[in-house]
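Notes follow once the structure below has been shown.
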Amino acid sequence: MKIAGFDIGGANTDMAIIDFGSDGDMKEVRVDFRYLPMWLRKDELAETLLEMVGDDLHELEGVGVCMTAELVDAYPSKAAGVADIIDRVEGAFDVPVAYVSLSGMVDASEALGDPMNIAAANWVATSQIASAMSSDCIMVDVGSTTTDIIPVKDGFEAARGRNDLERLSTGELVYTGTLRTNVATIVDRVPLQDKWFRVSSELFAVTADVHRVLGNIRESDYTCSTPDGAGKSVEECMLRIARVLCADLELLSPGDVLDVAEYIYHQQILKIAEGIAEVSEREGLEEVVTTGLGMKILAKRAAEVLELECRTMDEFLTEEECVVAPAVGTALLMEDYLQAQG
């Protein structure tokens with residue numbers, strides 16, 4: 001049985017197709033992703049989903065979907081976003097489709113009846129993978145844009161916040177990620193040459209630039225667009241970081257830029273650590289399970305700052321699968337849903 005799981009985000013759409021054996025075990029997993037900025041190209045969603053599925057289309061027996069793209073400013077409300085995404089997904093597939101919600105998998109009619117139960121529920125799919133590794137832990141998923149920090153207790157997610165607004169107040173959502181975060185949201189000043197320099201709040205550089213110059217990610221990992229529309233070489237990333245200080249590579253040396261990048265990197269780690277600490281202290285949990293593109297370079301480092309025990313999800317999945325963990329979790333939930341439907 002082949003099941004597709006999709007995580008439809010505002011900037012990236014991720015896919016996992018899992019071939020399940022008769023015993024429910026994963027025989028084979030194929031993952032893929034596309035940079036699809038939904039605020040600009042939402043009309044391409046159905047076409048993109050079908051392109052990603054490719055030759056597996058006629059072997060699919062079900063499609064599971066989780067989403068966060070309903071938040072993009074192409075929609076007047078989150079409910080409108082959920083409805084539009086569901087309409088596009090339903091139009092693309094002829095097999096059973098269900099959606100990750102706070103109360104499990106639901107079909108389109110149930111999802112449309114309570115769209116806020118569907119909105120930004122992708123962390124539900126990821127946390128159930130973490131629970132297979134540890135029944136009591138904090139799942140930390142650092143993606144391209146955001147960081148989910150979800151407590152798992154007795155094998156079940158136990159998030160206090162039930163939507164993004166609430167999770168921003170509980171430490172369970174930190175709006176910082178590996179690629180797309182404006183560095184001016186992480187720091188308002190940086191140390192350089194024994195002085196402190198305030199930074200420009202323009203969108204001159206993003207965290208992908210920082211992690212690229214530090215060697216934390218490869219050029220192929222830099223999947224989002226660049227702030228200036230230029231390339232993704234180390235030198236081009238350095239120039240974007242220099243602009244944050246209203247400078248260029250004539251005013252700042254490569255060593256200067258690396259010093260600035262290291263400081264921004266450390267501050268991003270501390271922001272994630274702050275959220276983990278809040279959840280850890282409130283829930284009495286001391287083990288962290290990390291996943292996502294920033295699994296090792298951000299989430300693990302944040303756990304180490306707090307001296308918490310840490311495991312990475314690549315003990316359970318491949319590193320490529322960890323990058324699209326919500327899509328993998330969605331496919332797993334969809335398989336359970338279909339089995340329960342008989």
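The values are calculated or read from the model by the stated rules, or taken from the named source; none is laboratory data. All values derive from a computational prediction rather than experimental measurement. Here the Cβ positions follow ideal geometry from the backbone for every residue, glycine too, while neighbour counts run over all protein chains shown. To get the accessible areas, we keep the full protein, side chains included, count just its heavy atoms, and leave off ligands, DNA and RNA. Shrake-Rupley method; radii C 1.70, N 1.55, O 1.52, S 1.80 Å.
Need the failing condition index for Phe20 against (1) open to solvent by 20 Å² or more (accessible area, probe 1.4 Å); (2) farther than 15 Å from Ile85 by Cβ; (3) at pLDDT 95 or above; (4) not charged (D, E, K, R), just the number.
Answer for Phe20: the failing condition is (1).
Among the residues of segment 49-56, is any without any contact (Cβ under 8 Å) to a residue 40 or more places away in the chain and open to solvent by 60 Å² or more (accessible area, probe 1.4 Å)?
Within segment 49-56, one or more residues are without any contact (Cβ under 8 Å) to a residue 40 or more places away in the chain and open to solvent by 60 Å² or more (accessible area, probe 1.4 Å).
I'm checking my understanding of the structure. Among residues of segment 186-245 that are part of a loop (DSSP other than H, G, I, E, B), of a type in the set (Ser, Thr, Tyr) and touching a residue at least 24 places away in the same chain (Cβ under 8 Å), which one is surrounded by the fewest Cβ atoms within 10 Å (Cβ to Cβ)? Please lay out each step first, then the result.
Of segment 186-245, the ones part of a loop (DSSP other than H, G, I, E, B) are 186-188, 193-194, 199-205, 214-218, 222-233, 245.
This time we only want the ones that are of a type in the set (Ser, Thr, Tyr), so: 200-201, 222-223, 225-226, 233.
Cutting the leftovers down to touching a residue at least 24 places away in the same chain (Cβ under 8 Å) gives us 200, 222-223, 225.
Numbers: Ser200: 14, Tyr222: 21, Thr223: 19, Ser225: 16.
Filtering segment 186-245 for residues that are part of a loop (DSSP other than H, G, I, E, B), of a type in the set (Ser, Thr, Tyr) and touching a residue at least 24 places away in the same chain (Cβ under 8 Å), the one surrounded by the fewest Cβ atoms within 10 Å (Cβ to Cβ) comes out as Ser200.
Condition check ((1) assigned to a strand (DSSP E or B); (2) basic (Lys, Arg)) across all residues:
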| position | (1), (2) |
| --- | --- |
| Gly5 | yes, no |
| Lys27 | yes, yes |
| Phe33 | yes, no |
| Gly54 | no, no |
| Leu57 | no, no |
| Gly62 | yes, no |
| Val65 | yes, no |
| Glu70 | no, no |
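Considering only segment 147-154, I want to know if a residue exists there that is among the acidic types (Asp, Glu), in a loop (DSSP other than H, G, I, E, B), touching a strand residue (DSSP E or B) at 6+ places or on another chain (Cβ under 8 Å) and open to solvent by less than 20 Å² (accessible area, probe 1.4 Å).
Taking segment 147-154 first, the residues among the acidic types (Asp, Glu) are 148, 154.
Now restrict to residues that are in a loop (DSSP other than H, G, I, E, B): 154.
In the following step, the residues that additionally are touching a strand residue (DSSP E or B) at 6+ places or on another chain (Cβ under 8 Å) were identified as none.
No, the conditions are met nowhere in segment 147-154.
Looking at Asp248, Asp259, Asp221, which is the one that is in the same structural domain as Thr146 (by the TED database), more than 25 Å from Val142 (Cβ to Cβ) and of a type outside the set (S, T, N, Q)?
Working: Asp259 fails: more than 25 Å from Val142 (Cβ to Cβ); Asp221 fails: more than 25 Å from Val142 (Cβ to Cβ).
Step by step, each of Asp248, Asp259, Asp221 is checked, and only Asp248 is in the same structural domain as Thr146 (by the TED database), more than 25 Å from Val142 (Cβ to Cβ) and of a type outside the set (S, T, N, Q).
Listed here are the residues, each with its yes/no results for (1) touching a residue at least 24 places away in the same chain (Cβ under 8 Å); (2) surrounded by fewer than 19 Cβ atoms within 10 Å (Cβ to Cβ); (3) part of a loop (DSSP other than H, G, I, E, B).
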residue: Asp248; (1), (2), (3): no, yes, yes
residue: Leu258; (1), (2), (3): yes, yes, no
residue: Leu270; (1), (2), (3): yes, yes, no
residue: Leu293; (1), (2), (3): yes, no, yes
residue: Cys322; (1), (2), (3): yes, no, no
residue: Leu332; (1), (2), (3): yes, no, no
residue: Asp336; (1), (2), (3): yes, yes, no
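May I ask you to list the residues in segment 103-127 that are part of a loop (DSSP other than H, G, I, E, B) and surrounded by 18 or more Cβ atoms within 10 Å (Cβ to Cβ)? Break it down stepwise before answering.
Here is the first cut: in segment 103-127, the ones part of a loop (DSSP other than H, G, I, E, B) are 103, 107, 114, 118-121.
Hits for segment 103-127 are Ile118, Ala119, Ala120, Ala121.
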